Amino acid sequence: MPFYSDKVMEHFQNPRNVGEIKDADGVGEVGNPVCGDLMTFYVKVQEGKLADIKFKTFGCGAAIAVSSMVSEMALGKTIDEALKITNEEVAKELGGLPPNKMHCSNLGATALHKAIENYQNKNKATP
Ligand code: FES
């Protein structure tokens, strides 16, 4: 049984921002090639800031804790700030993950960044 930090357990048991945003401004989905788990992030952008973030994660406890932490770290941030959040920072914020669970932390920030990129692509000025 891997050893999870209290923070990981807490986020796993009470994940923040779970769900879906029906009229999301951006959606990002990533699959984990190691285990096949899936994570989807939805973002709502207002005045250049992430006004709402929701996620759906079909994955292990670590992946759920990671999603929850990413959503909490990014909420209210500007797009540029949110794009700077790295998977390593998320794992660190969670008090670390067991070595055999580090691959689970590679989804969170990536899925969030994809959702933001999706928003940016949709809002590119058409020539
Ligand atoms: Fe798949 Fe953790 S085992 S994300």
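Tabulated results
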item: VAL30 vs. criteria within 13 Å of the ligand (Cβ to nearest atom), under 20 Å from LYS84 (Cβ atoms), part of a strand (DSSP E or B) and of a type in the set (A, V, I, L, M); result: yes
item: Candidates ASN123, ASN118, ASN100, filtered to the one that is modelled with pLDDT of 95 or more and farther than 20 Å from ARG16 by Cβ; result: ASN118
item: Unmet criterion (only one of (1) within 16 Å of the ligand (Cβ to nearest atom); (2) in a helix (DSSP H, G or I)) for LYS7; result: (1)
item: Candidate set: region 67-88, residues that are of a type in the set (Val, Ile, Thr) and in contact (Cβ under 8 Å) with a residue 40 or more places away in the chain; chosen: the one nearest to the ligand (Cβ to nearest atom); result: VAL70
item: Candidates MET69, MET39 - the one that is assigned to a helix (DSSP H, G or I) and touching a Leu at 6+ places or on another chain (Cβ under 9 Å); result: MET69
item: Count of residues meeting criterion [within 16 Å of the ligand (Cβ to nearest atom), surrounded by fewer than 16 Cβ atoms within 10 Å (Cβ to Cβ), not in a loop (DSSP other than H, G, I, E, B) and not hydrophobic (A, V, I, L, M, F, W, C)] in region 89-127; result: 2
item: Those residues of region 30-48 which are more than 22 Å from PRO98 (Cβ to Cβ) and surrounded by 15 or more Cβ atoms within 10 Å (Cβ to Cβ), in sequence order; result: THR40, PHE41, TYR42, VAL43, LYS44, VAL45
item: Qualifying residue in region 72-87 (condition: among the acidic types (Asp, Glu) and surrounded by 16 or more Cβ atoms within 10 Å (Cβ to Cβ)); result: yes
item: Cross-chain or 6+ apart pairs with Cβ under 6 Å, region 34-46 first and more than 12 Å from ALA82 (Cβ to Cβ), then among the acidic types (Asp, Glu) and in a loop (DSSP other than H, G, I, E, B); result: TYR42/GLU20; LYS44/ASP25
item: Considering residues of region 49-66 that are in a strand (DSSP E or B) and within 16 Å of the ligand (Cβ to nearest atom) only, the residue surrounded by the fewest Cβ atoms within 10 Å (Cβ to Cβ); result: PHE58
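The values are calculated or read from the model by the stated rules, or taken from the named source; none is laboratory data. Just so it is clear, the model here is predicted, and its values are computed rather than measured. So basically every Cβ, Gly included, is an ideal-geometry build from the backbone, and we count neighbours across all protein chains shown.
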